[in-house]
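The values are calculated or read from the model by the stated rules, or taken from the named source; none is laboratory data. Note that the structure is a prediction, hence the values are computed from the model and not measured. Positions of Cβ are backbone-derived with ideal geometry, glycine not excepted, and every protein chain shown enters the neighbour counts.
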Amino acid sequence: MAKNEKVQSNSATSGPVAARTLVGGARHSRQENRGRPDLPHGASHGMSRSTQFLVAAALTLGLTMTFVGNLVSARVQSAALQSAAEAGALYMEAFLEPYVQELSSTATLSPQSTRALDQLTRSPSLRRHVASVKIWRTDGTVAYSTDKSITHRSFPMDEIAGALAGRVVTALEDLEQEENDFERSLAIPLYEIYAPLRAADSGKVVAVGEFYERADGLEKEIGRVRRQVWLVVGTATLAMLGLIYFFVRRGDRIIQHQRMALNARVIAQARLHRKNAKLQKRITNATHEFWKINELTLRRLGADLHDGPAQLLTLILIRLDDLAEQLGAAHGTPGEEYETIRGAAQDALREIRDISRGLALPEVNDLTLHEELQLAAQRHMQRTSTAVELALAPLPPSAPLPLKICIYRFVQECLNNAFRHADGAGQMLAASYGNGLLSVQVSDRGPGMPARAPEVGGGDNARLGLAGLRYRVESLGGFFTIDSQPGQGTTVKAQFRL
């Protein structure tokens, strides 16, 4: 059995050789692909996905099928040897058992039995198949041998242990043992068979017959079957690799087409994004210019109101006073109608001056955000004689002019609304800056607004209305929110991403 295992392990050495061949082929394929300039963009290390998958599949299937081929070949060889051994054992048992019956009672064969065995082993019909015969006693001593030099000598019993247990044992003989000097000298391939020889009356194993049969024909048959096995295995492997490569190559092409289409879409999207960015920049610049023009228009309106209607009303009041003196000198104190006209003219003059002051924006370009908010609150307190609480956190030192104008108008309008609708109760101006977000809010503790109140305001003074504030803030990319509930005050907040 030890010899048989050694033969099988030797036959399995073809596996690593095949594996090395596959690895070498993969390396050669990889080197060829590195030199190709027309590989698709998805190639990695010079190979396309389908080629990489083919190499991996070839390695995996190659190793697997090599193992399968070696396993099948070994099984075929073992089956062929066992079949030949059993047939040969039956043949030899029929010839040898009659001569070993005496070993059940004696330790040696009689001279008559030895001469009969010599005559049998020299017969031409047997020598064409059997090269040598040995008969072993159960204690490992050679009772008979074609090679007379080892007769009555004892050797290790590991080779005959299986036969002593009643089994037929066979193996391709490597002829390395000491008792095989004669067989080595024949210089022909042999396989040995160990067959149990039993007593006729009890069936007990009384000896072991060992004979060496010529392996020329058996090796040819095993080689032929092995070639057939490897042909089937190789054909199946190539067929599987071909099918796998076909499907993977097809999928790889689909991926390449889809990726090219995706790249084209990404490029188109990038172009569109650049166009949108340019348009957005133009819109932002146009918005800034619009607010500059709007502020200039408001300033001009304020100046026109101050220099035009306000001056005319002042002149009217002066003339009314002169007229009152003349009427008083001629007819006594002016009547009630005079006082009504004079009071209406004074009210008109005061409102026009308030409107002109509201439209006239201070020079905020030279002010920081902190100074600008303080100025807006201070002017409101001077005009309305109310208090405004300031809660100003550290703010950015600089900001674009359109943003400064927007913030000033936002604070101005919100404080005017707080004075008008909440009588200036709890007026508070707060501002903060963090994570690139500037937040400005104005709050009061007035009656608040009903839910879903329309964002519109009256036309008195410089009030733009809540809707106008929202448009102004959102036109600069800001966020405008109102938090108000009846009886709980109002908070208006504007946020800008700097």
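Summary of values
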{"item": "Hey, Ala107 part of a loop (DSSP other than H, G, I, E, B) and modelled with pLDDT under 80 or not", "result": "yes"}
{"item": "Hey, Gln495 modelled with pLDDT under 90 and of a type in the set (S, T, N, Q) or not", "result": "no"}
{"item": "Pairs where the first residue, in region 99-123, is closer than 17 Å to Val142 by Cβ and charged (D, E, K, R) and the second is surrounded by 14 or more Cβ atoms within 10 Å (Cβ to Cβ) and modelled with pLDDT of 80 or more, C-beta under 8 Å, 6+ apart", "result": "Glu102/Leu109; Glu102/Ser113"}
{"item": "Matching residues, region 128-142, being among the charged types (D, E, K, R) and either at pLDDT below 80 or over 18 Å from Val100 (Cα atoms) (or both)", "result": "Arg128"}
{"item": "Residue list for region 96-119, filter: within 17 Å of Val206 (Cα to Cα) and surrounded by fewer than 19 Cβ atoms within 10 Å (Cβ to Cβ)", "result": "Glu97, Pro98, Gln101, Glu102, Ser104, Ser105, Thr106, Ala107, Thr108, Ser110, Thr114"}
{"item": "Yes/no for Gln412 being touching an Asp or Glu at 6+ places or on another chain (Cβ under 7 Å) and within 26 Å of Arg350 (Cβ to Cβ)", "result": "no"}
{"item": "So Met428, is it more than 29 Å from Ile293 (Cα to Cα), of a type in the set (A, V, I, L, M), surrounded by 17 or more Cβ atoms within 10 Å (Cβ to Cβ) and modelled with pLDDT of 90 or more", "result": "yes"}
{"item": "Residue match in region 243-255 (condition: more than 30 Å from Ala57 (Cβ to Cβ) and not assigned by TED's automatic domain parsing to the domain that holds Arg472)", "result": "no"}
{"item": "Condition broken by Gln258, with the remaining ones in (1) assigned to a helix (DSSP H, G or I); (2) modelled with pLDDT under 85 satisfied", "result": "(2)"}
{"item": "Qualifying positions in region 252-289 - of a type in the set (Lys, Arg) and surrounded by 12 or more Cβ atoms within 10 Å (Cβ to Cβ)", "result": "Arg253, Arg259"}
{"item": "Inter-residue pairs, beta-carbon under 8 Å, first under 22 Å from Gly251 (Cβ atoms) and in region 52-66, second hydroxyl-bearing (Ser, Thr, Tyr) and at pLDDT below 75, 6+ apart", "result": "Gln52/Ser44; Val55/Ser29"}
{"item": "Residues of region 143-163 that turn out to be under 22 Å from Pro98 (Cβ atoms) and buried (at least 19 other Cβ atoms within 10 Å of the Cβ), as a count", "result": "6"}
{"item": "Residue in region 402-419 that is outside any helix (DSSP H, G or I) and under 19 Å from Leu469 (Cβ atoms) present", "result": "no"}
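Conditions tested, residue by residue: (1) closer than 20 Å to Val492 by Cβ; (2) modelled with pLDDT of 90 or more.
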| position | (1), (2) |
| --- | --- |
| Leu373 | yes, yes |
| Thr384 | yes, no |
| Leu392 | yes, yes |
| Leu401 | no, no |
| Glu413 | yes, no |
| Ala418 | yes, yes |
